[in-house]
Amino acid sequence: MALELTSIADVLALGFDDIIDVRAPAEFAEDHMPGAISLPVLDDEERARVGTIYKQVSPFDARKIGAALVAANAARHLQGPLAAKPGGWQPLVYCWRGGQRSGSFASILSQIGWRVELVKGGYKSWRSLVVKAVYDDPFPCPVVVLDGNTGSAKTEILNLLPKHGVQVIDLEGLANHRGSLFGAMGPQPSQKAFEGALAVAMARLDPTRPVVVEAESSKIGDCRLPPRLWRAMVTAPRVALAVPRAARAAYLVRAYDDMVVDPVRLAAVLEQLRPSHAAEVIDAWKLQAVVSQFAALAEGLMAAHYDPRYDKHRARMEVPLTEIQAKGLEPEALDPLAARVAEAVLRGAPPAP
């Protein structure tokens, strides 16, 4: 029996005990349906081998060898991760396009007595829903952008807004990147996985209420924002945090503690700024890093690099702007500041032009 995926919301509401992706590990790593677990019936090397036989020998020989490999891998899954599943267990199984790999595995599970369903069209049907949601359909609700110069604690404030009744999408969280040259936080998702996570976040929005996103460029690390979302952000009203540079510098030292404790990485990032600044400026910043003058380094970077770029970009924008002043960004000050941002959003930022 094959299940047709009709919308992102329907996928999120599926009531199966497990969603099983039987594609090769590399396919799963690039992207997969939300909540899926990886139980490959062919690993990456086996899949390549079967494909080569299909093209260079014959489809029959490829299917015969593939069936043997699928059976062996299925046996390992049954004796391993599936060994304790009860008789009433109900899995949903998919492969690339709902073909032989998922069908073969589902047949084995069905013979045991489990009530198995396949995804009609496989992963490609999920990907089609994602593309439609993030590239084809209009963005589902009004957007308000949370703005502010570097170090204004925008991401922390953003993630405090839901407790004050405001819905948000944390784009940097989805991209696993803080959005600046210093913002790497580890491996980023693939573009497809980023888009899938974004589509899920969009499907959970209430279309009658505004959603707040943080001011970003069109790329967050290596993840590109879909054009419809980017255009919505460019024309959206903004709530901007105005915080003194010294307070922002102190905040950055706390927020980027991973950079502070890694002088080699910090020096390498500073070196990437060399094309934009004089050699003596870069060398002075690197010296400040060596002698642990991190607040002074942060202030210098903001004064000479980040603030001028923010100000120039903001001067070109013709959108409604609500400014919220804050003297400091100590941990105890962030929630009250978030409450003020929420109040500005909920009382209705002016519509985009």
DSSP beta bridges in the chain [antiparallel fraction, %, rounded to 5]
10
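Helix-only estimate, please: 222 nm mean residue ellipticity of the chain, summing -39500 (n - 2.57) across DSSP H runs of length 4 or more and dividing by its residues, to the nearest 500.
Estimated from H runs of four or more residues: -14000 deg cm²/dmol.
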Helix by helix through the chain, keep the DSSP H runs that span 20 Å or more along the axis on Cα and average at least 0.0 on Kyte-Doolittle, and give those back in order.
59-79, 331-346
Taking Rh as the Kirkwood radius, which is the inverse of the mean 1/r over Cα pairs, what is the Rg/Rh value for the chain?
1.07
Along the principal axes of its C-alpha atoms, what lengths does segment 1-160 span, in descending order and rounded to whole Å?
61, 42, 30
With only Lys, Arg, Asp and Glu charged, each at its Cβ (+1 for the first two, -1 for the last two), find how big the charge dipole of segment 1-90 is about the Cα centre; round to the nearest 20 debye.
460
Given backbone amide H placed at 1.01 Å from N, residues whose amide H is under 5 Å from that of Leu3, ignoring those fewer than 5 places away on the same chain, are Leu118, Val119, Lys120
Using alpha carbon centers only, segment 42-56 is separated from segment 100-124 by a whole-angstrom value of 21
The chain - percent relative contact order, Cα under 8 Å, separation 6 or more
17
What percent of all Cα-Cα pairs in segment 139-346 falls into each 5 Å bin, going from 0 up to the bin containing the maximum distance?
1, 7, 15, 19, 19, 17, 12, 7, 3, 1, 0
Total charge of the residues flanking Ala303 in space, meaning their Cβ is under 12 Å from its Cβ, with Lys and Arg +1 and Asp and Glu -1, is 0
Projected label distance in nm at Ala339 and Leu181, using a 7 Å step from Cα toward the beta-carbon
3.9
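Here, each number is a calculation from the coordinates, and none is a lab measurement. Remember, predicted model here, so these are calculated numbers, not experimental data. Positions of Cβ are backbone-derived with ideal geometry, glycine not excepted, and every protein chain shown enters the neighbour counts.
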